[in-house]
Amino acid sequence: MATNTAETFDLTVKELPDFAGSLNLVLQIPEHAKLREPVETALSAECVQCGLRLNGADLLRFGAGQGNDDPRFERLRVGYCGRNGCDCLFYRVIGAAHPEIDWPKLIHPAHTISEEEKGAARREAAKAAAKIRWKMRALRIGAAVVALLIVLIVRQFWVGGSIPFVRQPENFKVDRVIDTKF
C-alpha cells in the first residue's frame, strides 16, 4: 500500500548520477516496473542555487546513461551543476505525493542498492564497451587490409604485371622463320 506523502532530500551533485542510476535499476525490478510512469511524472530534481529543474523522465534517462547529447547531463556526470556557470554543489530531489508510489520504500533502496547489483550493472556496461571496442578494432583492421589490397592491385597495373581474372594476358606472335645462315 502506497503512502500518499511527498519526499524531499538534498544530494550533492556528485551523488546525483549514482542516485539516478540506482533508481533506474530499482525500477527495472519486476515488482517496481509498473511504477516507471508515475515516477517520471512525480519525481524531479532542482538545483538549490540556480533553480535548474530536471523532471523524472530526465533523471531516469540520465541514470540509464542515455541522453549523451544533452550538455546538462555531461556537466552533471563530471560533478557540476547542469547549468553552465552555476557553481552550486547541491540538488534538491523532490518526490511529489502520488497514490501509487511509496517514496520511502522506493528511494531508500535506491540509496542502498547492493554492491553486487552495482557490480553486475558495471560489468554489463564494461562488456558492451568492450564489444564496441572490438568491433571498431575489427573495422580498422578490415579497412587496412582492403587498402593494402587496393595498393597492391594498383602497383600490379602500374608495373605491367598481370592480375589473374582481372587483366587479359597478352598474346605474342612469334615468327617461325628459321635462319640457316650460321
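Among the residues of the range 4-50 satisfying the criterion of being of a type in the set (S, T, N, Q) and part of a loop (DSSP other than H, G, I, E, B), which is modelled with the highest pLDDT?
Gln49
Hey, does the range 78-85 have a residue that's surrounded by 13 or more Cβ atoms within 10 Å (Cβ to Cβ) and touching a helix residue (DSSP H, G or I) at 6+ places or on another chain (Cβ under 6 Å)?
Yes, the conditions are met somewhere in the range 78-85.
Tell me the residue from Arg53, Arg61 that is closer than 22 Å to Asp10 by Cβ, surrounded by fewer than 16 Cβ atoms within 10 Å (Cβ to Cβ) and either among the small types (Gly, Ala, Ser) or modelled with pLDDT of 80 or more (or both), please.
Arg53
Of the numbered conditions (1) out of contact with any Ser or Thr (no Cβ under 9 Å at 6 or more places or on another chain); (2) farther than 30 Å from Val26 by Cβ; (3) at pLDDT 75 or above, Pro71 satisfies every one except a single condition; which is it?
(2)
Which members of the range 94-106 meet the condition of being in contact with a helix residue (DSSP H, G or I) (Cβ under 7 Å, 6 or more places away or on another chain) and crowded, with 16+ Cβ neighbours inside 10 Å?
Gly95, Ala96, His98, Ile101, Leu106
With over 30 Å from Gly21 (Cβ atoms), modelled with pLDDT under 90, under 49 Å from the mean Cα position of the chain (by Cα) and of a type in the set (A, V, I, L, M) as the only criterion, which of Val174, Val154, Val146 stands out?
After ruling out the rest, the residue left standing is Val154.
The values are calculated or read from the model by the stated rules, or taken from the named source; none is laboratory data. Predicted model, so just to flag it, every value in this text is computed and none were measured. Ideal geometry is used to build each Cβ from the backbone, glycine not excepted, and the neighbour counts take in all protein chains shown.
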